[in-house]
Amino acid sequence: MAGTIAVYPGMFDPVTNGHLDLIERGVRIFDRLIVAVVTNPRKTPLFSIDERLDMLREATKGMGDIELDAFDGLLVRYVRQKKANVILRGLRAVSDFEYEFEMALTNRQMASDIETVFMAPNLEYIYLRARLVKEVARYNGDVSHYAPDYVVKKLKEKFHF
Ligand code: ADP
C-alpha cells in the first residue's frame, strides 16, 4: 500500500502481546504507523497516558519506525490532523465484531476518505485482552505469556508485588 499512513488507536492499558502482534503486522504493510493512545472519559484506566506511552516505547523498541502519540476527541479528526488515511483495528474471536463494525461505519459516515483496516492476530492472542491481563496480574498471577517483560514489571509495581 503505497503512501498509506495508518493510525492504530486504543487504550493500551497496558500494551499486550496482542497489540504488539498487530503493530508488527501494521509496520510491514503501511508506510507509516502511528500508535495513538486514547483518552476515554468513560473509562478509568489503570495506567496514566505517560505510563502507557512509556510501556509502548519500551515494547516497540527495534520494531521499526513507529510514531507514538496520544489524543482525545474524535478519532477521524485526529486521523485527518495527522494526514493519515487508514485506521487500523484488531479483530479478536467474535466479541469485537459488532462494536468494531459499528465504529468503522460511523467513522466512514463522518469521513469517507478514511478507510478502516482490520487485522487478525496470531491464533495464540485471539482471546487476549488488556482487562484479562490486569485481572490476572492483580492477584499476582503469571502474565508473562500475555505481555512483554517491561509491562509485567510495571504491573507488579502497580499492584505492589
Ligand atoms: P483491549 O480491548 O485489549 O483493552 P484496546 O482497547 O487497547 O484493547 O484495543 C485497541 C485495538 O487493539 C482494538 O482494535 C482491539 O480490537 C485491538 N486488540 C486488542 N487486543 C488484541 C488482540 N489480542 N488481538 C488483536 N487485536 C487486539
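The values are calculated or read from the model by the stated rules, or taken from the named source; none is laboratory data. What you are looking at is a predicted structure, and each value in this text was computed from that prediction instead of being measured. Note: ideal-geometry Cβ built from the backbone for every residue, glycine included; neighbour counts use all protein chains shown. We work out accessible area using only protein heavy atoms, side chains counted, and drop any ligands, DNA or RNA first. Shrake-Rupley method; radii C 1.70, N 1.55, O 1.52, S 1.80 Å.
Couple of notes before you dig in:
- Rounded to 10°, Cα long-axis angle of helix 17-29 versus longest principal axis of the chain: 30 degrees
- Taking a sphere under 12 Å around the Cβ of Ala104 and counting the other residues whose Cβ falls inside, with K and R at +1 and D and E at -1, yields a net charge of -3.
- Efficiency of FRET between Thr44 and Glu67 - r from beta-carbon atoms, R0 22 angstrom, step 0.05: 0.25
- Remark: accessible surface ordering of Tyr146, Tyr139, Tyr125 (largest first) is Tyr139, Tyr146, Tyr125, probe radius 1.4 Å.
- Per-peptide packing, taken as the mean over residues of other Cβ atoms within 10 Å, places 12-23, 65-76 in the sequence 12-23, 65-76 from highest down.
- Of Lys61/Lys134; Lys82/Lys153; Lys83/Lys158, pairs whose Cα-Cα distance is over 26 Å: Lys82/Lys153; Lys83/Lys158
- Summary of the geometry: the stretch 1-41 and the stretch 91-161, compared by the centres of their Cα atoms, lie 11 Å apart.
- With helices as the sole contributors, the chain gives -12000 deg cm²/dmol at 222 nm; each DSSP H run of n ≥ 4 counts as -39500 (n - 2.57), and the sum is divided by every residue.
- Note on Ser95: accessible area is roughly 70 Å² with a 1.4 Å probe, heavy atoms of protein only.
- Efficiency of FRET between Asp96 and Asp149 - r from beta-carbon atoms, R0 25 angstrom, step 0.05: 0.40
- Efficiency of FRET from Cβ geometry, Gln109 and Asp54, R₀ 35 Å, rounded to 0.05: 0.50
- Counting Cα-Cα pairs of the chain in 5 Å increments starting at 0 gives whole-percent bin shares of 2, 9, 18, 21, 22, 16, 8, 3, 1, 0.
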